[in-house]
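The values are calculated or read from the model by the stated rules, or taken from the named source; none is laboratory data. Here the structure is a predicted model, which is why all the values come from computation and not from measurement. So basically every Cβ, Gly included, is an ideal-geometry build from the backbone, and we count neighbours across all protein chains shown.
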Amino acid sequence: MGAEFVQFSLTPILIGVFSAIACALPGNFLILRRQALIGDAISHVVLPGIVVAFLVTGVVAAIPMLLGAAGAAIVAVILIEAVKRLGNIEPGAAMGVVFTAMFAAGVLILEQTDTSKVHLDVEHALMGNLESLIWFRAEGWHSLLDPAALATLPDELPRIAVVCAIVVALTLIFWRWLKIATFDEGFAQALGIPATALGFGLVVTAAVAAVAAFDAVGSIIVIAMFICPPAAARLMTNRLEHQIWWSAVFATLSAVLGYVFAGYGPLWFGAQNAVSAAGMIASVSGVILGLACLFAPHRNRVGVGKEEAA
Amino acid sequence: MTTTQQPIVAAQDGRATRPAAVPTGAPLAVRGVTVSYGEKPAVFSVDATFPAEAMSAIIGPNGAGKSTLLKAALGVIPRLSGEVYVFGQPVEKARERIAYVPQRASVDWDFPTTVMDVVQMGLYRKVGLLGRLSGQMAARARDCLDRVGMADFSHRQIGQLSGGQQQRVFLARALAQDADLYLLDEPFAGVDAATERAIIDVLKLLKAEGKAVVAVHHDLSTVSDYFDHVFLINVRRIAEGPVSDTFTTGNLQATYGGRLAATHLDELPVAGGV
């Protein structure tokens with residue numbers, strides 16, 4: 001592991017790990033609130049949000065894209081509520097209708113507008129381009145101490161690192177609210193905890209994590225990371241505190257193993273080309289969930305209804 | 001117990017413009033509360049006053065708005081109109097004086113948490129968002145679990161409890177809130193006889209300590225045994241007052257309409273006279 005690793009693999013792996021953790025943390029609460037599909041919805045509505053932000057500003061820049069995606073997530077949440085209430089439609093169906101319609105609108109706008117000069121296309125949106133986020137100026141581990149080389153790190157790395165740190169900080173700060181309101185929303189409201197705003201904030205946080213990750217790793221990985229690591233983590237423990245740690249461990253494992261398998265796996269089997277890192281990371285997270293379902297210590301409890309659990 | 005952090009009488013906060021009908025220092029007073037889920041109101045323009053140092057029951061048929069009234073009083077669901085006073089103050093300003101036991105079926109018992117964790121949620125108003133749980137407060141939580149006979153289960157995952165045990169844990173969490181007004185939503189629904197006995201003993205002790213207890217209750221046969229005061233509701237207020245003169249056949253018929261067979265009424269230990 002030398003210069004080549006630092007140059008070609010270190011930054012994509014770090015970006016993958018930060019993306020995975022930033023998505024997995026809010027994913028824990030989304031799953032416990034039976035809102036796993038919201039993660040899916042968010043990662044889809046991010047696309048129209050980014051496209052509209054690009055059309056308005058004319059540049060592919062981090063801040064407008066984050067704002068656009070967060071705005072789109074808010075619009076989606078409002079639309080989902082509206083469809084649910086006005087149409088008297090069950091929540092899952094309401095989410096499905098809203099996020100597919102918004103995603104499709106995003107694809108249409110993207111096709112109709114001249115984005116050819118910038119790196120914004122449907123394939124990129126789905127798969128990301130983790131493999132291309134390499135550190136050209138790096139000459140080895142010592143480059144980590146070289147300011148000139150550090151200045152040439154791909155922009156995505158500091159961006160996702162900051163977003164990941166914000167997500168971790170929000171999780172710590174609002175831990176008690178999140179725990180009480182996720183377990184018993186009515187009790188939380190009776191205590192004066194603003195549970196509705198908290199739920200909204202959770203979705204917006206997830207949206208910000210999604211868009212920061214989306215830029216680098218695409219929406220496939222975002223969907224997988226919202227659900228697979230937290231779901232596997234739930235099977236490992238009966239304590240929320242431990243579940244959060246497990247989800248971070250599984251997210252990290254998925255990102256590292258997925259990237260390595262995608263880059264080197266095909267070579268081990270005699271194939272010529274690497275496969276998509278995003279696809280492989282998502283697949284590894286799925287395999288981890290599968291293994292957890294088969295072997296984890298608390299696998300019997302997940303998915304049991306209220307009656308069976310009693 | 002030194003729980004009175006805020007003035008009890010509403011008149012002291014200087015709002016002299018309020019009409020005379022508005023409360024009093026009653027533990028819970030509801031004025032003109034209307035709640036609607038769709039176009040049809042679930043609770044319509046209800047006035048209710050629940051007395052101090054008493055156990056009160058909210059009674060009515062299914063869909064009469066019993067739980068809805070309780071939740072609307074707490075602000076758990078929004079009110080279309082009306083006001084709620086707790087010891088004479090708007091409910092929003094008196095949250096630390098209220099303890100709440102929601103319906104057991106309203107939460108997911110598969111949630112990854114322990115019995116002790118749930119009871120400690122009742123300490124939230126004292127601990128705050130970021131405060132540390134002191135050893136003294138942890139001891140309080142253990143004490144509350146002990147009062148409902150669940151001390152041996154503190155490290156159990158909550159999904160591994162029976163329905164009655166879950167209900168006791170909810171009651172312990174309310175005790176940890178150390179309130180003056182206890183609001184319970186169907187505390188006896190689906191629990192075993194031993195648990196029902198244990199819960200009623202704890203509630204009677206609370207009353208003896210001078211607390212007010214208000215429970216949504218559905219078992220008419222135990223009303224006279226358990227409660228002092230009764231509030232009858234069927235979307236609108238039907239009647240309220242001491243069990244001895246309000247829990248009558250006539251009032252029950254007015255509340256339940258044809259849904260309560262006359263033979264059934266005969267078997268109830270209702271107050272004399274129609």
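Taken over region B:86-98, the residue count meeting the criterion of being touching a Lys or Arg at 6+ places or on another chain (Cβ under 8 Å) and buried (at least 24 other Cβ atoms within 10 Å of the Cβ) is 2. Within region B:76-97, residues that are within 20 Å of A:Glu185 (Cα to Cα) have Cβ atoms under 9 Å from residues that are charged (D, E, K, R) and buried (at least 20 other Cβ atoms within 10 Å of the Cβ) in these pairs: B:Val76/A:Glu185; B:Ile77/B:Lys71; B:Ala94/B:Asp180; B:Arg97/B:Asp180, counting only partners at least 6 apart in sequence or on another chain.
For every residue, the table says whether it meets (1) more than 10 Å from chain B (Cβ to nearest Cβ); (2) under 18 Å from the mean Cα position of the chain (by Cα); (3) at pLDDT 95 or above.
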| residue | (1), (2), (3) |
| --- | --- |
| A:Val167 | yes, yes, yes |
| A:Gly192 | no, no, no |
| A:Phe200 | yes, yes, no |
| A:Val222 | yes, yes, no |
| A:Asn238 | no, no, no |
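All of B:Arg79, B:Arg97 fail the test of being more than 9 Å from every other protein chain (Cβ to nearest Cβ) and within 15 Å of the chain's Cα centre (by Cα), apart from B:Arg97. Looking only at region A:172-202, filter to residues that are touching a residue at least 24 places away in the same chain (Cβ under 8 Å) and of a type in the set (A, V, I, L, M); which one of those is surrounded by the most Cβ atoms within 10 Å (Cβ to Cβ)? Going through the qualifying residues, I end up with A:Leu178. Entry remark, region B:45-66: residues being surrounded by fewer than 20 Cβ atoms within 10 Å (Cβ to Cβ) and either not in a strand (DSSP E or B) or not polar (S, T, N, Q) (or both) number 8 in total.
Tell me, please, whether a residue that is in contact with an Asp or Glu (Cβ under 7 Å, 6 or more places away or on another chain), at the interface with chain B (Cβ under 10 Å from one of its Cβ atoms) and aliphatic (A, V, I, L, M) can be found in region A:202-218. No, that holds for no residue. Criterion applied to B:Leu171, B:Leu145, B:Leu175, B:Leu183 was being in a strand (DSSP E or B), among the aliphatic types (A, V, I, L, M) and crowded, with 17+ Cβ neighbours inside 10 Å, and the one residue passing it is B:Leu183. Of the residues making up region B:148-168, just one is closer than 18 Å to A:Arg239 by Cα, among the aliphatic types (A, V, I, L, M) and either assigned to a helix (DSSP H, G or I) or more than 11 Å from every other protein chain (Cβ to nearest Cβ) (or both), namely B:Ile158. Based on what the data block shows, is A:Phe5 aromatic (Phe, Trp, Tyr) and surrounded by fewer than 18 Cβ atoms within 10 Å (Cβ to Cβ)? Here the answer is yes, as A:Phe5 does meet what is asked.
With respect to B:Tyr85, is the statement that it is of a type in the set (Phe, Trp, Tyr) and either more than 10 Å from every other protein chain (Cβ to nearest Cβ) or assigned to a helix (DSSP H, G or I) (or both) true?
On the way: of a type in the set (Phe, Trp, Tyr): yes; either more than 10 Å from every other protein chain (Cβ to nearest Cβ) or assigned to a helix (DSSP H, G or I) (or both): yes.
Judged against the criteria, B:Tyr85 is a match.
Of all residues in region B:122-140, those satisfying the criterion of being within 14 Å of chain A (Cβ to nearest Cβ) and either outside any loop (DSSP other than H, G, I, E, B) or touching a residue at least 12 places away in the same chain (Cβ under 8 Å) (or both) are B:Gly122, B:Leu123, B:Tyr124, B:Arg125, B:Lys126, B:Val127, B:Leu133, B:Met137.
Exactly one residue among A:Pro266, A:Pro230 is within 14 Å of chain B (Cβ to nearest Cβ) and either farther than 30 Å from B:Ser67 by Cβ or surrounded by fewer than 24 Cβ atoms within 10 Å (Cβ to Cβ) (or both), and that residue is A:Pro230. Pairs are defined by a Cβ separation below 7 Å, a sequence spacing of at least 6 or placement on different chains, a first member in region A:271-285 that is under 17 Å from A:Leu14 (Cβ atoms), and a second member that is assigned to a helix (DSSP H, G or I) and of a type in the set (Val, Ile, Thr); the pairs so defined are A:Ala278/A:Val217; A:Ala278/A:Ile220; A:Ala278/A:Ile221; A:Ile281/A:Ile221. Scanning region A:169-190 for residues that are in a loop (DSSP other than H, G, I, E, B) and either farther than 17 Å from A:Gln243 by Cα or more than 8 Å from chain B (Cβ to nearest Cβ) (or both) yields one hit, A:Asp184. Checked against (1) over 28 Å from B:Val30 (Cβ atoms); (2) within 11 Å of chain A (Cβ to nearest Cβ), B:Ala105 passes all but a single condition, namely (1). Among residues of region A:140-171 being surrounded by 14 or more Cβ atoms within 10 Å (Cβ to Cβ) and among the charged types (D, E, K, R), the one that is nearest to A:Val256 (Cα to Cα) is A:Glu156.
Here's the yes/no breakdown for (1) more than 25 Å from B:Ala94 (Cα to Cα); (2) in contact with a helix residue (DSSP H, G or I) (Cβ under 7 Å, 6 or more places away or on another chain):
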| position | (1), (2) |
| --- | --- |
| B:Thr113 | yes, yes |
| B:Gly128 | no, no |
| B:Ala141 | no, yes |
| B:Val148 | yes, yes |
| B:Gln157 | yes, no |
| B:Leu175 | no, yes |
| B:Ala193 | yes, no |
| B:Arg197 | yes, no |
| B:Asp201 | yes, no |
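Taking each residue of region A:21-39 that is under 17 Å from A:Thr196 (Cα atoms) and away from every other protein chain (no Cβ under 14 Å) and looking for partners that are surrounded by fewer than 24 Cβ atoms within 10 Å (Cβ to Cβ) and not hydrophobic (A, V, I, L, M, F, W, C) with beta-carbon atoms closer than 7 Å, six or more apart or interchain, yields A:Pro26/A:Thr205.
Scanning region A:8-59 for residues that are surrounded by fewer than 21 Cβ atoms within 10 Å (Cβ to Cβ) and in contact with a Ser or Thr (Cβ under 7 Å, 6 or more places away or on another chain) gives A:Arg33, A:Leu55.
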